[in-house]
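Every number here is computed from the coordinates shown, using simple stated rules; none is lab data. In this text, all values refer to a predicted model and were calculated from it rather than measured experimentally. Methodologically, a virtual Cβ is constructed for each residue, glycine included, from the backbone with ideal geometry; neighbour enumeration extends over all protein chains shown.
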Amino acid sequence: MVHSLAIAGIIVARQVLGQYLLKFPVKLKEIKLVLSMPKLLKAKDIIDAELPRLTQKCHELEQRGLKPNLNVVLVGDNPASHSYVKNKKRMCEKIGAQFVLHHLASDIPETEFLNLLGKINNDKAVTGCFVQLPIPKHLQHLDVTQMINPTKDVDGFHLNTVCDLYLGNLDKVIPCTPKGIITMLRKNNIQIEGADIVIIGRSHIVGKPLSLILEGLNATVTLCHSRTKDLKKHTRSADIVISAVGRAEFLNADYLKDGSTVIDVGINKTDKGLVGDVDFASATEKAIAITPVPGGVGPMTVFSLMENLLMTTETILKERS
Ligand code: GUN
């Protein structure tokens, strides 16, 4: 209610100001800039505030006899994957968790890859693990996300975990990018319950689990994808638009309604560097809150991975006692 009133207030203020600006364009230029700037949803603000809690929890688990220990399997030399894994290692170090990287050659024989997974799955010291995706073609016939020991599934991709989401149990491990987005919305007091939310992209990593979670939190969710007939028809009436398709800067103000929140999951390599799915400058004309790229959803994903690692460690510790 308060959120809706705030949006309505800003929309009216923008309109009134627009009228004034016709008469006094120069004097009110700065005021217009300030009023039309949406809130920047930065991950750093949240992570800086929350990391001490995670560090404390990590220490507590170690004191109780099980140090959080993340094992990552990285096959090949995809530069983006290397960069993601580096960020995950850095965050593990920050909270005091053990991090072990198993970096395999891109042509690793299937049997060796499977042997390593088996070892990690059974290693009592390992409390969380995942295989960084994508994996090389010769391994893609394997259902690797289902080969991870479900009690160590920090990615949240195992069907046991997906089943919990389907049933609306949201206090268990949740896939990292959707979890990071929910945290981002909650910490910024952006209302989810009752909101009309459009997700663009139906991947197993982001769009699909996110639609289940948001529906579980009582939002009205529309999941759009490459065959959606009229994307703008959906996005223009959404309170929150979340784009996860990997199409550089396609989502501009024309797709948005005034006062909407825009969450950009895209990370696209272009001639001018890394950009999101959202045309940031254009979207800020309509958005009331928006995530930057970089510095928005990406770090929240890594932060959520740490939360999941602490959860799997706690579960394993409880099962042992
Ligand atoms: N590649 C891109 N995102 C992810 C993720 O969340 N988990 C894994 N395992 N691989 C990824």
Determine the pairs where a residue that is under 20 Å from Arg186 (Cα atoms), located within region 298-317, has a partner that is outside any helix (DSSP H, G or I) and of a type in the set (D, E, K, R) with Cβ atoms under 9 Å apart, the partner being 6 or more residues away or on another chain. Pro299/Lys42; Leu305/Asp155; Asn308/Asp153; Asn308/Asp155; Met311/Lys172
Mind counting the residues in region 177-197 that are away from the ligand (no atom under 16 Å from the Cβ), within 15 Å of the chain's Cα centre (by Cα) and surrounded by 18 or more Cβ atoms within 10 Å (Cβ to Cβ)? 1
Out of region 90-118, which residues are under 23 Å from Leu274 (Cα atoms) and surrounded by fewer than 17 Cβ atoms within 10 Å (Cβ to Cβ)? Arg90
List every residue pair whose Cβ atoms lie under 9 Å apart, where the two residues are 6 or more positions apart in sequence or sit on different chains, the first residue falls within region 168-186 and is closer than 9 Å to Asn308 by Cβ, and the second residue, located anywhere, is more than 16 Å from the ligand (Cβ to nearest atom) and of a type outside the set (Phe, Trp, Tyr). Val173/Asp164; Val173/Thr315; Ile174/Asp164
Within region 77-99, considering residues that are away from the ligand (no atom under 15 Å from the Cβ) and of a type outside the set (D, E, K, R), the one nearest to the chain's Cα centre (by Cα): Ile95
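Based on this model, can you work out whether Ser243 counts as within 28 Å of Glu50 (Cβ to Cβ), out of contact with any helix residue (DSSP H, G or I) (no Cβ under 8 Å at 6 or more places or on another chain) and crowded, with 23+ Cβ neighbours inside 10 Å?
Here the answer is yes, as Ser243 does meet what is asked.
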Within region 129-160, can you find the residues that are near the ligand (Cβ under 10 Å from one of its atoms) and either β-branched (Val, Ile, Thr) or surrounded by fewer than 16 Cβ atoms within 10 Å (Cβ to Cβ) (or both)? Val131, Pro134, Ile135, Val144, Thr145, Ile148, Val154
